[in-house]
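Participant: Quick one: this structure, given as structure tokens, is what I'll be asking you about.
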Amino acid sequence: KLLCTLALLAAAGLATDAGVRAAALAATTRAADAAWANAGALVATTLVAAFTYVWMWFRADQVDAVEIDLEPAEADDEWRSDVVVKKMEIKNPRKPHAIECFDPATLEYLGDVPAMTRAEVDECVARARAAQRDWARVPFAERRRVLRVLAKTIFKYQDAICRASMRDTGKTHMEAMLGEILTTHEKIRWVCAEGEDALRPSPRSVSLLTAAKSARVEYLPLGVIGVIAPWNYPFHNLYNHIVSGLFAGNAVVSKPSEYSSWSGGLYMRIARAVLESCGHSPDLVQLVTGFGDAGVALVESDVDKIIFTGSPAVGKLVMRGASANLTPVILELGGKDPAVIFDDVDLDAVLASVLRGTFQNCGQNCIGVERVYVQDGLYDAFLERALAIVATFKQGAPLHSGGAELDQGAMTMPAQVGLVQELVDDAVARGARLLTGGRAAPELGGQFFEPTILADVTHEMRIANEEVFGPVMTVLRFEDEADVIDQVNSISYGLGSNVFSGSAARAERVALQLRAGMAAVNDFAVQYMAQSLPFGGVGVSGFGCFAGPEGLRALCAQKSVIKDTVPFIRNVLPAPARYPVSHASVSFVDGL
């Protein structure tokens, strides 16, 4: 990097010299020609300097990707299974110690993964703890190097990573790139750029009584982090915590959902291979696979913290299980995020964001738009324009012919299709208008639900209050600021929020009054691409956070430290403050 800077300074000198010569030649009889010629030289020199600077900078940080062996289903879009089922059943009574894995878009059988026992889970935690003792002493510079190698390897194998996610969850290639690769690279970029600053010792003020001392807070590795991750983004949901956990000096034991455990094999092979190639124990990262009992075993093990992402009902069970060992928890329990649209917006621009927020990943997003509040003056135009676009959506199996241009993939969990149908039917029965969709589409060959728009939804309907997690745009009407604030805040969820207005001041004013852990002003959920911001909610959406300095510090043991500022100046306890207590002692303390 020093060479980069020197090269840039040298190039700047050459550019300055070229400018001086251009000015001198401009004074001659052929001034115009000379000026143009040397101006060209100036531009060329500057461009070469910039290119050299950027090239040398990246060379200074260059690392090599690790080679990973891929299975046929991970390596080839054209791979097809010999077994296709009519209904996805991941628990087979004939295989009590296995999870059967399927592609929800095609119902193709992908293979089995182990359903681990409590003893096997405990062994994973023990191996992670043994490896973490050495890793805790590794300096930040080396942790950054490991993450850069990881990023390079992810970039090299991004197609295989996306392919595995698509097979395991039914998402489209675009959703896999956006939700798995782009988000994970941003996570690594921020942690490498700012993570050390976030975990530096934090100086604190002292009182008059401790004026001769200095105070600080140290952020030390916590130990072993247990992660129970959901199925909607299987790669990012694992690596989100692997990246931050490793950088904070911890080991990480991760349990993916039983509905997205097949892809976890590839994802864990990548992380372990990178650690090993960098000279560190691959046991720092562990994969637990299994059903609910494996999750219970992880929660009740001797991990130092649990991070759980899932439903409020299961989150309560996690808290109950963690309480036995007083294990602290971070809970992200989903959302019912609103998009508030005032009638002074650019409709086309806002509609594009709201459609993305509603239908991305077939609506299976914790910060997806689940409630669309449109002001009276724009309501009908919004519905007309939204219907015209959604009616053209293409849906199908992402890895089959034409899959690259699909707008919607499949639903990952079989039960979720039924729940979405139930919520849509309840809304229609209570007076909502079904503009398009509204039914499952098994004729597509997998677990599909049609892209749906419901208008005239009210808060008396379940769908306005319960998380849908499906491809349904739920549209509600509002009159003014006070009305929409009351409607948005009337439910118990509070993860994210999005407010759109032609007046940025109004959009921000309303956003700050919505009960949510996050707010996007005139955009949809872009805070997740600013990993300097903490991610978390309020209410039944959970507590604690990940991402940002707050998220990194949450993976640390915070230790308060106070010491003498000057070694030869020490606080000596005055005689009246010593035992045994006397009348002088009382007078002394009163005087303080």
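Participant: Per 0.36 nm of contour for each residue apart, how much would the distance between Val566 and Asp82 grow if the chain were fully extended, relative to their Cα-Cα spacing?
Facilitator: Between Val566 and Asp82, full extension yields 166.8 nm more.
Participant: Tell me the net charge near Pro328. Cut-off is 11 Å between Cβ atoms, Pro328 excluded, with +1 for each Lys or Arg and -1 for each Asp or Glu.
Facilitator: Once all neighbours under 11 Å are counted, the net charge is 0.
Participant: Percentage of Cα-Cα pair distances in segment 78-202 greater than 23 Å, rounded to whole percent? Show your work: numbers first, answer last.
Facilitator: Numbers: 4408 of 7750 pairs.
Of the Cα pairs, 57 percent sit more than 23 Å apart.
Participant: Starting from the exponent 0.38 and prefactor 2.2 Å, build the expected Rg for segment 351-483 from its residue count and divide its actual Cα Rg by it. Intermediate values should be presented prior to the final figure.
Facilitator: Details: Rg = 14.4 Å, N = 133, 2.2 N^0.38 = 14.1 Å.
Normalised by 2.2 N^0.38 Å, the Cα Rg of segment 351-483 equals 1.02.
Participant: Only bridges whose two residues both fall in the chain count here: according to DSSP, what percent of them are antiparallel, nearest 5?
Facilitator: 45 percent
Participant: Using 25 Å as the Cα-Cα cut-off, could you pick out the over-long pairs in Lys91/Lys171; Lys171/Lys255; Lys156/Lys187; Lys95/Lys316; Lys187/Lys255?
Facilitator: Pairs exceeding 25 Å: Lys95/Lys316.
Participant: Determine, at each q value in 0.06 (inverse angstroms), the log₁₀ of I(q)/I(0) that the Debye formula gives when each Cα of the chain is one equal point scatterer.
Facilitator: For the chain at q = 0.06 Å⁻¹, log10 I(q)/I(0) is -0.41.
Participant: Compute the accessible area per residue over the chain, keeping the other protein chains in place, probe 1.4 Å, unit Å².
Facilitator: Ligands and nucleic acids excluded, the figure is 45 Å² per residue.
Participant: Using label points projected 7 Å from each Cα along Cα→Cβ, tell me how many nm separate Arg430 and Ala352, to one decimal.
Facilitator: 3.5 nm
Participant: If I histogram all Cα-Cα distances within segment 237-389 using bins 10 Å wide from 0, what percent of pairs lands in each bin?
Facilitator: Binned Cα distances yield the sequence 9, 29, 25, 18, 15, 4, 0.
Participant: Taking the alpha-carbon set of segment 473-592, what are its Rg and Dmax in Å?
Facilitator: 25.9, 76
Participant: Right, next: Cα-based Rg of segment 140-264 per 2.2 N^0.38 Å, rounded to two decimals? Mind showing how you got there, number by number?
Facilitator: Working: Rg = 18.4 Å, N = 125, 2.2 N^0.38 = 13.8 Å.
My calculation over the Cα atoms of segment 140-264 gives 1.34.
Participant: Using the Kyte-Doolittle scale, find the helices of the chain whose mean hydropathy is at least -1.0 and whose Cα atoms extend 15 Å or more along the helix's long axis, counting only whole DSSP H runs.
Facilitator: Sorted by number, the helices that extend far enough and score high enough are 2-25, 31-60, 118-135, 140-156, 158-169, 183-199, 234-247, 264-277, 312-323, 347-359, 376-390, 414-429.
Participant: Turning to a different aspect of this structure: What are the extents of the Cα atoms of segment 215-273 along their three principal axes, listed from largest to smallest and rounded to whole Å?
Facilitator: Taking max minus min along each principal axis of the Cα atoms, segment 215-273 gives 48, 23, 15 Å.
Participant: I've got another one for you. As a check on your grasp of the helix formula, calculate [θ] at 222 nm for the chain: sum -39500 (n - 2.57) over DSSP H runs of n ≥ 4, divide by the residue count, round to the nearest 500. Write down the numbers at each step before the final one.
Facilitator: Values: 19 runs with 249 residues, N = 592.
Dividing the helical sum by the residues of the chain leaves -13500 deg cm²/dmol.
Participant: Could you let me know the centre-to-centre spacing of segment 170-196 and segment 483-507, using Cα atoms, in angstrom?
Facilitator: 27 Å
Participant: Can you pull the one-decimal nm distance between simple spin-label points at Glu422 and Ala75, each 7 Å off the Cα toward Cβ?
Facilitator: 4.4 nm
Participant: What is the Å³ per residue value for the convex hull set by the Cα atoms of segment 395-554?
Facilitator: 154 Å³
Participant: Can I ask one more? With all protein chains present, how much of the accessible area of segment 112-216 (probe radius 1.4 Å) comes from carbon and sulfur, to the nearest whole percent?
Facilitator: Numbers: 2760 of 4710 Å².
That fraction is 59 percent.
The values are calculated or read from the model by the stated rules, or taken from the named source; none is laboratory data. Everything numeric in this text was worked out from a predicted model, so none of it was measured. So basically every Cβ, Gly included, is an ideal-geometry build from the backbone, and we count neighbours across all protein chains shown. Remember, those area values only see protein heavy atoms, side chains included, never the ligands or the DNA or RNA. Shrake-Rupley method; radii C 1.70, N 1.55, O 1.52, S 1.80 Å.
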